[in-house]
Amino acid sequence: MTDAVPTPRTYLPGEWYAVLGPSLVLALPPDRRDLAAAAWAAVDAGAGAEELLDLVLASGLRDLAGLALVSTDGDRTRVLVRGQAVCLLVAGGEETVADGRGLTTWAEVGVDGVEAVSLELGPGSGGEPLLAGDALVRASRVLWPAESVPGPASGPAAPPSYAAGRLPGSTDPASEPSSLLSSPAPAVAVAAGSAPAPEPVLDPDPEPEPDTIDQAVPSVDDPVIAPVDEPGDRDEDALETAPFAGMPAAPAVPPVPEPWTPPAPSAPEPWSPGADDHDGRTQDGSWDVSEFQRRPHGIPGQPEGPSVTSRPVAVLQLSSGDSVEVDRVVILGRAPEARRFSATEQPRLVTVPSPQQEISSTHLEVRPGTGADHGSAVVTDLGSTNGTVLVQPGLPAESLKPGIPVQLLPGAVIDLGDGLSITVARP
Amino acid sequence: MRQVELHHGAATDVGLVREVNEDAVLAAPPVFVVADGMGGHEGGDVASAIVVEEFAAMAEGGYDPARATEVVARTLEACRDRIEAYAEQQRAAGVGPFHAGTTAVVALVAEHEGQPAWLLANMGDSRAYRLHGGRLHQVSVDHSVVQELVETGVITADAAAVHPERHVITRALGGTERSEADYFLLPLGSVERLVLCSDGISGMIDDEEMQGILDSVPDPRDAADALVAAALEAGGRDNATVVVVDVVGSAETSYDAERQRLSLQQKLGALP
């Protein structure tokens with residue numbers, strides 16, 4: 001029934017399992033991973049919708065809280081939904097909804113000439129719409145054709161300004177380009193002109209606003225969704241219309257069997273320029289900002305403690321004559337700089353003389369210790385070129401390993417080279 | 001502290017795709033800011049404009065260079081309060097789920113242990129670079145999802161450049177999260193040329209191209225224009241904004257810097 005070309009669909013990451021097969025989509029709730037795996041294996045082996053339904057229902061309905069099966073056979077699209085799943089079908093401008101919520105068994109609908117399908121599955125985990133061919137994915141929503149992540153002009157009121165983009169050779173009256181191509185006209189003309197292989201139109205997409213998306217698909221509530229312009233769905237069973245933005249008009253009867261290059265995962269840059277828009281995607285988006293709170297700065301692996309202490313834990317006596325209290329992070333070097341500190345924890349930068357330039361510009365750090373080192377100072381070589389030698393009382397001299405903090409004993413001597421040493425004294 | 005003589009150039013362009021320039025830029029020596037606003041319903045351009053206004057007022061009023069970090073933190077706080085107040089007002093007016101936010105990258109001359117230094121602060125993905133010895137180095141660290149992924153070793157820096165979420169930022173001024181800025185303190189002498197830019201520049205041209213321009217165009221004004229032109233040339237998919245500042249020396253008087261400041265004020269017409 002279908003060729004080997006995978007059917008690209010767009011999905012939003014989520015919890016449900018969605019098995020995307022050549023002419024069907026099966027979705028299962030998060031607790032049925034076993035079933036999803038079995039179903040994927042069956043689909044991958046070529047199972048059709050009937051076999052899949054048998055497989056899924058084999059263990060009964062009681063343990064199957066939800067289910068969605070959308071299959072296409074010729075012109076007919078059949079939908080079966082149970083539980084949380086809701087499926088929206090668009091055919092000839094009319095919408096049909098199959099809603100599984102609140103039903104004892106399931107809801108089933110069949111629609112001819114479906115142009116676009118949106119399958120709502122449950123809470124999203126956030127993130128961008130992604131493209132998938134035949135695959136097992138975790139999704140909150142699946143849409144196809146892939147273009148049906150609606151673009152800015154997907155509303156019925158869109159001006160028919162791109163009628164010129166229609167393929168001259170189009171034989172299918174249903175393939176009216178819907179006047180919804182959002183790409184600049186010349187790009188569309190190019191895509192339309194090269195009929196055998198309408199490549200994805202990746203020209204700059206004029207500013208798709210998230211708000212527009214919300215209008216276009218009422219159920220979208222994730223502000224981070226950006227439109228994805230991708231190559232047209234050329235699955236034989238899918239309709240040929242380009243109801244949404246960015247889809248090159250394609251001939252209903254392809255002149256050659258392989259008119260289209262599938263957007264393989266290896267596609268170098270599958271994201272449309274529209275996705276470059278970071279407007280509206282603030283930290284209030286789907287990412288949990290707490291994951292990205294400030295990490296301990298300075299020394300990786302060392303617990304962050306108060307880097308400013310009320311009393312100094314040590315005094316550094318420089319051989320150049322200066323002395324520096326360690327009541328906060330102290331960074332020493334030929335021309336030291338401090339990176340990535342917070343407003344309340346500004347380090348003290350101490351410039352030391354280095355006539356031979358042997359000392360690195362940012363050479364080492366001494367800071368009040370935390371945890372087991374509480375009450376003393378710890379020294380860390382910050383990746384200096386010529387290294388640092390530490391002599392602790394009663395211990396052999398050691399070379400500091402860059403980035404590894406060492407607790408300082410009173411009386412320790414730190415040698416930075418170029419004749420400069422630091423003696424660690426009690427405050 | 002000695003007077004530091006700075007020459008600067010600033011340029012901004014709406015780009016080839018956007019309709020509104022939500023970037024804002026301030027060049028009021030020795031204070032420089034680039035802010036990249038975001039949010040629909042004009043939230044973005046208002047938010048970035050607020051940042052510029054607040055820092056312009058700070059520069060105008062003068063600040064204690066020895067306490068520059070505090071001053072910047074306070075000014076950022078004032079920006080955030082105003083942005084939130086504005087968003088609140090819009091929501092109250094029934095604009096809907098309104099939010100306004102902006103990135104900010106700030107550079108100003110500070111004093112540390114009696115020496116002049118650049119104090120930089122950033123939130124979001126607007127960047128600070130320095131050119132030294134003909135080499136360009138990124139100083140700021142983006143507060144973005146991909147940067148976090150790079151730092152945790154999940155993806156490489158090269159993968160980050162094309163990652164689909166590369167524009168999702170994790171810290172911003174505005175919104176409910178009160179995230180903090182990162183600060184950087186660089187000795188003045190370690191920076192020959194300082195660059196602040198929005199991701200409409202850094203996202204469109206790579207560091208190598210940026211370095212080529214910055215290293216070959218001597219006048220900072222020409223360099224700023226050239227960077228924006230290069231970003232447009234590369235596609236101009238976002239608002240492109242850049243400030244280029246050269247430290248030309250320390251002097252007791254700084255005729256050129258003062259003249260430039262006055263000229264800027266006349267152009268902007270906004271400063272009293």
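The values are calculated or read from the model by the stated rules, or taken from the named source; none is laboratory data. Here the structure is a predicted model, which is why all the values come from computation and not from measurement. Cβ atoms come from the backbone with ideal geometry, glycine included; neighbour counts cover every protein chain shown.
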Among A:Leu53, A:Leu103, A:Leu88, the single one that is in contact (Cβ under 8 Å) with a residue 60 or more places away in the chain, hydrophobic (A, V, I, L, M, F, W, C), surrounded by fewer than 21 Cβ atoms within 10 Å (Cβ to Cβ) and assigned by TED's automatic domain parsing to the domain that holds A:Leu136 is A:Leu88
Take the conditions over 17 Å from A:Val330 (Cβ atoms) and either loosely packed, with under 15 Cβ neighbours inside 10 Å or touching a residue at least 12 places away in the same chain (Cβ under 8 Å) (or both) and apply them to A:Pro393. Does it pass? yes
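Conditions (1) closer than 28 Å to B:Ala117 by Cβ; (2) surrounded by fewer than 17 Cβ atoms within 10 Å (Cβ to Cβ), marked per residue:
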position: B:His143; (1), (2): yes, no
position: B:Thr156; (1), (2): no, yes
position: B:Gly174; (1), (2): no, no
position: B:Cys197; (1), (2): yes, no
position: B:Leu214; (1), (2): yes, no
position: B:Asp222; (1), (2): yes, yes
position: B:Leu227; (1), (2): yes, no
Of the residues in segment B:143-179, those that are within 21 Å of B:Met204 (Cβ to Cβ) and of a type in the set (Lys, Arg) come to B:Arg166
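Each row is one residue, and each column tells you yes or no for (1) touching a helix residue (DSSP H, G or I) at 6+ places or on another chain (Cβ under 7 Å); (2) aliphatic (A, V, I, L, M); (3) assigned to a strand (DSSP E or B).
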residue: A:Gly321; (1), (2), (3): no, no, no
residue: A:Ile331; (1), (2), (3): no, yes, yes
residue: A:Ala335; (1), (2), (3): yes, yes, no
residue: A:Arg339; (1), (2), (3): no, no, yes
residue: A:Thr344; (1), (2), (3): no, no, no
residue: A:Leu349; (1), (2), (3): no, yes, yes
residue: A:Thr385; (1), (2), (3): no, no, no
#### Entry: Flag for A:Leu395 being in the same structural domain as A:Val352 (by TED's automatic domain parsing) and not in a strand (DSSP E or B)
yes
Among A:Ala38, A:Ala65, A:Ala47, the single one that is closer than 12 Å to A:Ser23 by Cα and among the small types (Gly, Ala, Ser) is A:Ala47
Within segment B:67-91, the residues that are more than 11 Å from every other protein chain (Cβ to nearest Cβ), in contact with a strand residue (DSSP E or B) (Cβ under 9 Å, 6 or more places away or on another chain) and surrounded by fewer than 19 Cβ atoms within 10 Å (Cβ to Cβ) are none
Review point. Can A:Glu95 be described as modelled with pLDDT under 85, among the acidic types (Asp, Glu) and in the same structural domain as A:Leu20 (by TED's automatic domain parsing)?
Key: yes
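Yes/no matrix, rows are residues, columns are (1) away from every other protein chain (no Cβ under 14 Å); (2) free of Cβ contacts under 8 Å to residues at least 60 places away in the same chain:
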{"site": "B:Val14", "(1), (2)": "no, no"}
{"site": "B:Arg18", "(1), (2)": "no, no"}
{"site": "B:Val31", "(1), (2)": "yes, no"}
{"site": "B:Ala35", "(1), (2)": "no, no"}
{"site": "B:Glu42", "(1), (2)": "no, yes"}
{"site": "B:Asp45", "(1), (2)": "no, yes"}
{"site": "B:Ala49", "(1), (2)": "yes, yes"}
{"site": "B:Val52", "(1), (2)": "yes, yes"}
{"site": "B:Ala56", "(1), (2)": "yes, no"}
